[in-house]
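A.B. asks: This is the structure I have questions about; it appears just below.
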Amino acid sequence: SFLSLLVISAAAAVAVTVNINATASHPIPKTLCSTYVSNLIEPSFVSTDCLQSGDGGLYAELLKNRALQLVETGTSAASLSGWQALNGAAISVVKDSTPVSSALPNALQLKVPTGGTGSTGFANTGFSGIKVTSSWKYTASFHYRFPSATNFNGNLVVGLQTTSGQVLASTTVAVTGSQTSWKQITVDLSPTTTASDTNNVFTIQVDAASTSGQTINFAMLSLFPPTFKNRPNGMRVDLAEALAQIKPGAFRFPGGNNLEGQTVERRWRWRNTVGPLVSRPGRLGDWSYTNTDGLGLLEYLYWCEDLEAEPIMGVWAGYALGGASVAEDQLDPYIQEAVDQINFVIGDPAKSAAAALRASLGRVKPFKLQYVEIGNEDWFASATYVYRWKKYVTRLQQEFPQLRFIATTRVNDPTLTPVPTDYDYHDYNVHTWFAQNVFFYDSFARNGKKYFHGEYAAISSNPNDIWGDRFLFPTAQGSVAEAAFMTGLERNSDIVFAGAYAPLIGHVSNHQWTPNLLGHDAGAIYLSTSYYVQKLFGSNRGDEFLPSTLPSQTGTAFWSIVRNRASNEIIIKIANTGTTAAPFTFVVPFNNVASTGTVQTLSGTGSQSNTPSNPNLIAPRLSNFTPAKTFNFTAAATSFNVLTFVAS
């Protein structure tokens, strides 16, 4: 049977009636609304690819420069970033003669001056502060040793305090000067009061008089608050909960450019991101900061499970951002690295050393994996991608015929063999581009190829300087334009299996890239207008698409309509990118229509943004409306609206 759905907009001179099939045109993939992380943070992608999006962001570790990875020895500000001496102590970075591990050669050396009184030691300032809450239990850990044996017996006082010296939490640890090999200490800190702000530090101190003249080395220091779902070495609760509320269908990791490295040697290497933290050397990221790799491959995989999101995993594919491509006859070791990475995720521990490593880390059961992305943005090196893709995919298809491999060049440019089944698109542009490209995928051939719109964002309103004149925070007009674009992704979800806003996370003041979906500082998170758009789509996904009258390609109002089969819930999404209201009349093709429905509306004026000083300026509003077989609705200027009601 064929039913009718009529959509009439103010832009239409004559109402158009559309006959539709009651069984809908195609299912909506669960992965359609996705997120993208890129390890730490770089200027293209929470992506984590941006400064303090992974370390100092989603990854819950509170100490900055915790393991002194990749820093020079001495007392320079760069080497001691995050660290400061207290009350006359001397601290420096030393290359320990007996390092805590081969991965971490450096130690923080504390020298207690002679003749001192009171407490002395060192502090860590965190990532622009530390949030201290009395309802939380913090877990602190560190390794220590005396470089030379002494007769000292005494205590270390481990604690949290304000920068003005008020003690918020403390505990004592007995240490002895005979401890010349490394010993790990783990303690809990339970604050007795909640700090009024984030101007707080983590401290390790000694009694200056009884410890006079002593030298103690410290390595791999750490401080964790409670984490999302109580995962050890896990995610920051508020950021993780906000992302979980989007209900993302997929999560891409370990990022875009962060995967590649500026040189071949600086590429992301999965083996360096798994196992004990003392075994992770870290790496210099693409944008000149160190990635601790505490947020590693195993953490990403558990994170996907906690989100109930499909993992989309990238493998390094022989190209570095600095321009180097590995020669064809030298690719085999890197391809084997990719094989091992995939086996770590899904391999049989009885057949694969990489899978056996996973099992030794407590995870015998394979993880879920369907999609593997070969490189990132390889249109920058498309000439060499021809042979790189061929060698990688030929081998990987032999090893893992059940997986889908995503190409990262332009579609069919260049021609690739084996023929890709999936492509990854990226688009950063002015807000008007997104409204003008709602029909981007409508003309694509239905020939078996699938598409992942892996990075997109309205980042500017200046077409003459998109990259230099970017928004600091997402704007109302930009977010509504993204919503319009997403209605096109939803309409074409028979070939578009996922889409992801990027970058995902950024610090509100210490950043290298803007805008970001989620802003944060040490104490709070800030939900952008684009975050709310993503959440409204993710929470109102539906499972089948209902065709309707198509919007005008040159208009300003765009819509898509989906249904949840089990509940008979109809979901109408309307993005009005125009500066005037857009009235609609909907004619519903079902005999039984509920008498009440809900409307969620996100609206603002032009360049308005949610900011740290006004974080709740724009948020979705919930209201009721009366649906019927024919009903009217007016979409406010610069608004995104989600209408839901039951009909059968």
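The values are calculated or read from the model by the stated rules, or taken from the named source; none is laboratory data. All values derive from a computational prediction rather than experimental measurement. With ideal geometry, Cβ positions are generated from the backbone for all residues, glycine too; neighbour counts draw on all protein chains shown. Heads up: the accessible areas ignore ligands, DNA and RNA and are worked out on the full protein's heavy atoms, side chains in. Shrake-Rupley method; radii C 1.70, N 1.55, O 1.52, S 1.80 Å.
A.B. asks: Please give the FRET efficiency for TRP136 paired with ALA619, using the beta carbon to beta carbon distance and R0 = 22 Å, rounded to the nearest 0.05.
C.D. replies: So the FRET efficiency works out to roughly 0.25.
A.B. asks: In the stretch 592-612, which residues have a backbone nitrogen under 16 Å from the label point lying 7 Å from THR432's Cα in the Cα-to-Cβ direction?
C.D. replies: 606-607
A.B. asks: Also: Roughly how many nanometres apart are two label points built 7 Å out from the Cα toward the Cβ at GLU544 and THR215?
C.D. replies: Between GLU544 and THR215, the simple spin-label model gives 7.5 nm.
A.B. asks: Based only on Cα atoms, what Rg/Rh ratio does the stretch 271-329 have, Rh being taken as Kirkwood's radius?
C.D. replies: Value, to two decimals: 1.04.
A.B. asks: Related question: Report Rg (one decimal) and Dmax (nearest whole number) for the stretch 383-452, counting Cα atoms only, units Å.
C.D. replies: 14.4, 44
A.B. asks: Compare ARG236, ARG565 by solvent-accessible area with a 1.4 Å probe and give them largest first, with all protein chains kept in place.
C.D. replies: ARG565, ARG236
A.B. asks: Cross-link partners among lysines for LYS131, C-alpha distance below 29 Å, same-chain residues fewer than 8 apart left out?
C.D. replies: The reachable lysines, counting only those whose Cα sits under 29 Å from LYS131, are LYS64, LYS111, LYS183, LYS229, LYS247, LYS535.
A.B. asks: Roughly speaking, what is the centre-to-centre gap between the stretch 513-537 and the stretch 236-250 when only Cα atoms are used, to the nearest Å?
C.D. replies: When both Cα centres are located, 11 Å separates them.
A.B. asks: At a Förster radius of 22 Å, what calculated FRET efficiency corresponds to the Cβ-Cβ distance of THR579 and THR634, to the nearest 0.05?
C.D. replies: Approximately 0.95, to the nearest 0.05.
A.B. asks: Can you sort ASP286, ASP465 by solvent-accessible area, 1.4 Å probe, largest first?
C.D. replies: ASP465, ASP286
A.B. asks: Taking 45 Å as R0, compute the FRET efficiency from the Cβ-Cβ separation of ASP329 and LYS95 and round it to 0.05. Intermediate results must be reported in sequence, preceding the final value.
C.D. replies: Details: r = 38 Å, r/R0 = 0.84.
For R0 = 45 Å, the calculated efficiency reads 0.75.
A.B. asks: Bin width 5 Å, origin at 0, all Cα-Cα pairs of the stretch 334-387: what percent of pairs per bin?
C.D. replies: 5, 18, 23, 17, 13, 9, 9, 6, 0
A.B. asks: Can you give me the accessible area per residue for the stretch 242-290, using a 1.4 Å probe, in Å²?
C.D. replies: On a per-residue basis, 31 Å².
A.B. asks: Over all directions, what mean area does the Cα convex hull of the stretch 164-224 project, stated in square nanometres?
C.D. replies: Computing the convex hull of the Cα atoms and averaging its projections yields 5.5 nm².
A.B. asks: Loop-only chymotrypsin sites (Phe, Trp or Tyr not before Pro) in the stretch 420-482, please: DSSP not H, G, I, E or B, and at most 12 other Cβ atoms within 10 Å. Can you show the working numbers first?
C.D. replies: Details: sites: TYR423, TYR425, TYR428, TRP433, PHE434, PHE439, PHE440, TYR441, PHE444, TYR451, PHE452, TYR456, TRP467, PHE471; in loops: PHE439, PHE440, TYR441, PHE444, TRP467, PHE471.
Loop-located and lightly packed - TRP467.
A.B. asks: Okay, next question. For the stretch 581-634 and the stretch 461-488, compute the distance between their C-alpha centroids and round to whole Å.
C.D. replies: What the calculation gives is 21 Å, centre to centre.
A.B. asks: Test of understanding: extend the Cα→C-beta vector of GLN84 to 7 Å, then name every residue of the stretch 94-122 with backbone N under 13 Å from that spot.
C.D. replies: Under cut-off, by backbone N: 122.
A.B. asks: Going down the list LYS365/LYS449; LYS30/LYS368; LYS95/LYS137; LYS30/LYS449; LYS30/LYS365, which pairs span over 21 Å between their C-alpha atoms? Working shown, then result.
C.D. replies: Values: LYS365/LYS449 31 Å; LYS30/LYS368 15 Å; LYS95/LYS137 33 Å; LYS30/LYS449 18 Å; LYS30/LYS365 23 Å.
From the list (LYS365/LYS449; LYS30/LYS368; LYS95/LYS137; LYS30/LYS449; LYS30/LYS365), the Cα-Cα distance tops 21 Å for LYS365/LYS449; LYS95/LYS137; LYS30/LYS365.
A.B. asks: If you don't mind, another one. Got a sec? Which residues in the stretch 476-516 would a label at PHE439 touch, if it sits 7 Å along Cα→Cβ and we count backbone N under 11 Å?
C.D. replies: No residue qualifies, since no backbone N sits under 11 Å from the label point.
A.B. asks: Quote the accessible area belonging to SER648 in square angstrom, nearest 10, computed with a 1.4 Å probe and with ligands, DNA and RNA left uncounted.
C.D. replies: 60
A.B. asks: Which number do you get for Rg(Cα) / (2.2 N^0.38 Å) in the stretch 539-601?
C.D. replies: Compared with the compact-globule rule of thumb, the stretch 539-601 sits at 1.21.
A.B. asks: Taking the radius of gyration and the Kirkwood hydrodynamic radius from Cα positions alone, what is the Rg/Rh ratio for the chain, to two decimal places? Kindly include the intermediate steps, with their values, before the conclusion.
C.D. replies: On the way: Rg = 27.1 Å, Rh = 26.5 Å.
Using only Cα positions, Rg/Rh for the chain is 1.02.
A.B. asks: Also, quick follow-up: What ranking, highest mean first, results for peptides 588-595, 262-269, 360-367, 63-70 when packing means the other Cβ atoms within 10 Å averaged over each residue?
C.D. replies: Result, highest mean Cβ count within 10 Å first: 63-70, 262-269, 588-595, 360-367.
A.B. asks: Once you order the gyration tensor axes a ≥ b ≥ c over the Cα atoms, which shape class does the stretch 505-559 get: rounded for a/c under 1.5, otherwise prolate or oblate by comparing a/b with b/c?
C.D. replies: prolate
A.B. asks: Grab the DSSP H runs of the chain that are 4 residues or longer, score each as -39,500 (n - 2.57), total them, divide by all residues and round the 222 nm result to the nearest 500 deg cm²/dmol. Let's see the in-between values first.
C.D. replies: Details: 9 runs with 98 residues, N = 648.
Computed ellipticity for the chain at 222 nm equals -4500 deg cm²/dmol.
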